[in-house]
Amino acid sequence: MKTTHKKSNKKVQTSAAAMLNLLILFSASEKTVAQNNAGIVGIDHVGINVPDLNKAIPFFDDVLGFKPVTQLGPIPLDDAWKELNHINPKTGAVTIKMINAGNGASIEVFEYADNKGSKTQPNTDDIGASHIAFYVNDIHAAVQYLKSKGVKVLGEPFTMPSGDTAGESWVYFETPWGSKMELVSYPNGKGYEKSNPKTILWSPKNKAVKKVTADDFDAKKNTAIVENHLKIWNEKDEAKRNVLLNQVYASDVEMVDRHFIAEGINDISKFIVELQTKNPEFRFTAKSIETNHNIIRLYWQFGSKSKPAVVSGMDLFVIENGKVQKLYVFVSEKE
């Protein structure tokens, strides 16, 4: 028996080593491997237990707009598995559904038949208590929607006034079975991002899948977008400028300069005002505009009537859904 036990351990160790090597081999990049020897690429899914799948799935689907994709079970669990995973010996089979939760990790939902585990939701300060947070573009509109569906919202959205998470709004809500979840929103980024940190937290708002339409390849339309972009930067009237800003730029537009990154329309608008205040007699004029599918290159100059090219440079635009999604700014030396 001892010999068999040792051989079994060696097989387990060999199998584990092989699996680890495969994980490292198929990790996303050499950089990932260097950072994490486990070869972890990212979060695949989050698992939660629910008392009744027939009530949980309609909530995720009809209320939150998530789609169930796969199902396993019911799967009977043997005594060894229950002991290994700390499951009550008298609990029955498990049924598991995997839900597509949009742009981010999937949600794995478990229901145990004849569940003998605890039926009490953990308190917020209990060890092991957890929650799932969903990013929304407009948190106030999202709250009103949840309330219209009869969802219990715990208070009103709160916006962080300072610190690393300055600009982030959040509010908690409860599922029909009592689990706590969260809505978050930070359309103009968080406070810590303003200092250009080496590492940026992952966010679904930055990784949203963009759909390029046939119109985005229209050279005439893209030229008009860039011409309106110049009008924005020259417009002194705030109301007129705001109208153009919303027409030309996506709400989560990103402008990348070598010295800073502006995220969202508000950030760009503030920078325009500062630039106009410092240079009240200066205007932007186009030297040339070149298009290549949904990528546009604008060569520009900035100066007064007497010296129109005090500063010159090139802007690179990425057009998606008829609006500027990305703007890369390259500034030449003053002439």
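The values are calculated or read from the model by the stated rules, or taken from the named source; none is laboratory data. Source: prediction; values computed, not measured. Here Cβ is always computed from backbone atoms with ideal geometry, including for glycine, and neighbour counts include all displayed protein chains. Note: areas computed on protein heavy atoms with side chains; ligands, DNA, RNA excluded. Shrake-Rupley method; radii C 1.70, N 1.55, O 1.52, S 1.80 Å.
Residue-wise, which Karplus ³J(HN,Hα) couplings in Hz belong to region 268-277, taking 6.51 cos²θ - 1.76 cosθ + 1.60, θ = phi - 60°, and x for glycine or proline?
Once rounded to whole Hz, the list reads 5, 4, 4, 5, 4, 4, 4, 5, 5, 5.
Listed highest first by mean packing, meaning other Cβ atoms within 10 Å per residue, what order do 109-116, 88-95, 248-255 come in?
Highest to lowest by the protection proxy: 248-255, 109-116, 88-95.
Provide the three semi-axes, in whole Å and in decreasing order, of the ellipsoid equivalent to the chain as defined by the square roots of 5 times the Cα gyration tensor eigenvalues. Before the final figure, lay out each step's value.
Values: eigenvalues 516, 135, 66 Å².
For the chain, the semi-axes come out at 51, 26, 18 Å.
Report relative contact order for region 159-315 in percent, whole number only (criteria: Cα-Cα under 8 Å, sequence separation at least 6).
16
With unit charges on the beta carbon (Lys/Arg positive, Asp/Glu negative), name the residue among Ile265, Phe302, His229 whose Cα is farthest towards the positive pole of the charge dipole of region 215-335.
Phe302
Taking Rh as the Kirkwood radius, which is the inverse of the mean 1/r over Cα pairs, what is the Rg/Rh value for region 285-324? Intermediate values should be presented prior to the final figure.
Numbers: Rg = 12.2 Å, Rh = 11.1 Å.
We get a ratio of 1.11 for region 285-324.
Could you report the accessible area of Phe284 in Å², rounded to 10, computed with a 1.4 Å probe on the protein chains as they sit in the structure?
Its accessible surface works out to 30 Å², give or take rounding.
Among Lys119/Lys198; Lys194/Lys305; Lys278/Lys323; Lys67/Lys198, which pairs are too far apart, with a Cα-Cα distance over 32 Å? Mind dumping the intermediate values first?
Working: Lys119/Lys198 44 Å; Lys194/Lys305 35 Å; Lys278/Lys323 28 Å; Lys67/Lys198 35 Å.
Exceeds cut-off: Lys119/Lys198; Lys194/Lys305; Lys67/Lys198.
Which distance in nm do the two modelled labels at His86 and Thr199 give, with both placed 7 Å along the Cα-to-Cβ direction?
Placing both labels 7 Å beyond Cα along the Cβ direction yields 2.7 nm.
Quick one: net charge of Val109's neighbours, Cβ under 12 Å, K/R +1, D/E -1?
Working: positive: Lys55, Lys97; negative: Asp52, Asp61, Glu108, Glu111.
Taking every Cβ under 12 Å from that of Val109, the sum is -2.
Based on the mean of other Cβ atoms within 10 Å per residue, sort peptides 315-321, 136-142, 43-49 so the most packed one is first.
315-321, 136-142, 43-49
Please pull out the direction-averaged projected area of region 216-269, using the convex hull of its alpha-carbon atoms, in nm² to one decimal place.
4.1
Give the accessible surface of region 159-290 per residue, rounded to a whole number of Å², with probe radius 1.4 Å and ligands, DNA and RNA excluded.
It amounts to 57 Å² per residue over region 159-290.
Relative contact order, percent, of the chain when contacts are C-alpha pairs under 8 Å separated by at least 6 residues?
Rounded, it is 10 percent for the chain.
Please give every one of the aspartates and glutamates within straight-line cross-link reach of Lys220, meaning a C-alpha to C-alpha distance under 16 Å, and leave out same-chain neighbours fewer than 8 residues apart.
Cross-link targets: Glu290, Glu320.
Enter the mean projected area of the convex hull around the alpha-carbon atoms of region 258-325, in nm², rounded to one decimal.
Here the figure is 5.4 nm², rounded to one decimal.
Quick query: amide H of Val253 versus all other amide H atoms, modeled in the peptide plane; which residues come in under 5 Å with a sequence gap of 5 or more or a different chain?
Gly264, Ile265
Debye sum, Cα scatterers, region 175-289, no solvent: what log₁₀ I/I(0) at q = 0.10, 0.19 1/Å?
Computed log10 I(q)/I(0) values: -0.42, -1.20.
If you wrap region 46-193's Cα atoms in a convex hull and average its projection over all directions, what's the area in nm²?
Seen from a random direction, the Cα hull of region 46-193 projects 10.2 nm² on average.
Ser106: accessible area at probe 1.4 Å, nearest 10 Å²?
30
Ranked from highest to lowest mean number of other Cβ atoms within 10 Å per residue, what is the order of the peptides 177-184, 262-269? Provide the component values of the computation, followed by the final result.
Details: 177-184: 16.6, 262-269: 19.4.
The most tightly packed comes first, giving 262-269, 177-184.
Net charge near Ala219, counting Lys/Arg +1 and Asp/Glu -1 over other residues with Cβ under 13 Å of its Cβ?
Residues close to Ala219 contribute a combined charge of -2.
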